[in-house]
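None of the figures in this text is laboratory data; all of them are computed from the coordinates on show. Treat the numbers as computed from the prediction; the structure is a model and nothing was measured. Virtual Cβ from ideal backbone geometry, glycine too; neighbours counted across all protein chains shown.
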Amino acid sequence: MAKAYSLDLRQRVFDSLKHGNTKAYVAKTFNIATKTILKWQRHFEESGSIDKIIPTITRPRKVNYSEREI
């Protein structure tokens, strides 16, 4: 699994966007994907925080022990 980007980098990206730079320019400058910037912006709008996004979706179990007959 890839490491999360640093909080400092996220702050610099948001500062650059606030100064009127385009997402494409900021992505190229900081060597990140524009999709990453969009994901960070969506997370910021939902939570009000630029902290790292903690994944909440897990893979379902192969065996459901509550439905299994003993």
Near K23, which lysines are there with a Cα under 30 Å away, not counting those fewer than 8 places off in the same chain? K3, K35, K39, K52
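How do the peptides 35-41, 20-26 rank, highest first, by the average count of neighbouring beta carbon atoms within 10 Å per residue? Don't skip to the end; give the middle numbers.
On the way: 35-41: 14.7, 20-26: 13.0.
Per-residue Cβ counts within 10 Å, averaged per peptide and sorted highest first, yield 35-41, 20-26.
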